[in-house]
Amino acid sequence: ERSMTKIVVVTSGKGGVGKTTTALHLAAYCQTLAPTLLVDGDLNRSALDWASRGNLPFKVVDEKAAVKFAREYEHIVVDTPARPAPEELQTIALGCDLLVLPTSPDTLAMGAMLQMIDALRALNANYKILLTLIPPHPSRVGEEAKQSLERAGLPVFKSGIRRLAVFQRAALEGVPVNQVKGDAYAGIAWRCYSEVGREMMR
Ligand code: ADP
């Protein structure tokens, strides 16, 4: 059976919350299911840089080339700039099946994310919050952030993304974390995103 989630857009209210890392790994997950295109719509071209450093198991193009390639792929993941302008947010929200909003569990990032959600609610957009850069035990900030979002009735992925240095290594090597060799945390890091991918496709 074909999945309903064809176009996934990743955006954030603030930079540095793992937006590009999320777009890249959700594309890597989707690629395990069917041919996937990652569209780099971020002006920093972070995803294209990542691809140029190494080897990604899926195709990455800029947004100008997206139209040309879109038809050939089953899944399309779009990385967008952080802090999209209201008009931009509207275009994004209406054009996709799911908007993924990564945020670290700190006050500033959460505040920026909640501001975007105010705008998204007015648009009736289908969005889901992803907690990223979750600090290790004994910190409970990740779990606490998730609980407060759930209590507020906001849609949040059950699985979150742990803060693991292997993600930085993956970016340097130009691969997704599941292709980083000789790092004991690569498997754990990949599992974080593959669980989110599974939730996303349900
Ligand atoms: P954004 O697109 O929101 O600016 P990036 O995905 O570029 O964020 O990530 C910002 C920095 O944090 C990068 O150096 C990246 O390697 C690192 N990073 C992203 N996610 C994680 C994570 N889960 N654990 C550790 N470092 C991460």
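How do Phe167, Phe157 line up, fewest other C-beta atoms within 10 Å first?
Phe157, Phe167
With helices defined as uninterrupted DSSP H runs, which ones in the chain have an alpha carbon span along their own long axis of at least 20 Å and mean Kyte-Doolittle hydropathy of at least 0.5?
Span-like helices in the chain: 107-123.
What list do you get for Leu114, Leu43, Leu89 if you sort them by fewest beta carbons within 10 Å?
Leu43, Leu114, Leu89
Among Arg191, Arg71, what is the fewest-to-most ranking by other Cβ atoms within 10 Å?
Arg71, Arg191
Out of Ala23, Ala112, Ala47, any idea which swings most in a Gaussian network model of the chain, alpha carbons joined below 10 Å?
Maximum among the listed residues: Ala112.
Let me confirm the definition first: pairs of Lys residues in region 58-202, 8 or more apart or on different chains, C-alpha distance under 26 Å. How many are there?
Summing the qualifying lysine pairs gives 6.
Can you compute the charge dipole magnitude of region 97-165 about its Cα centre, using +1 on each Lys and Arg Cβ and -1 on each Asp and Glu Cβ, nothing else charged? Give it in debye, rounded to the nearest 20.
Using only the charged Cβ atoms, the result is roughly 160 debye.
First check a/c for region 47-189, with a ≥ b ≥ c the square roots of the eigenvalues of its C-alpha gyration tensor; if it is under 1.5, answer rounded, and if not, answer prolate when a/b is larger than b/c or oblate otherwise.
Taking the square roots of the gyration eigenvalues as a ≥ b ≥ c, region 47-189 is oblate.
Here, each number is a calculation from the coordinates, and none is a lab measurement. This structure is a prediction, so every number in the text was calculated from the model and none was measured. Cβ coordinates were reconstructed from backbone atoms using ideal geometry, including for glycine residues, and neighbour counts include every protein chain displayed.
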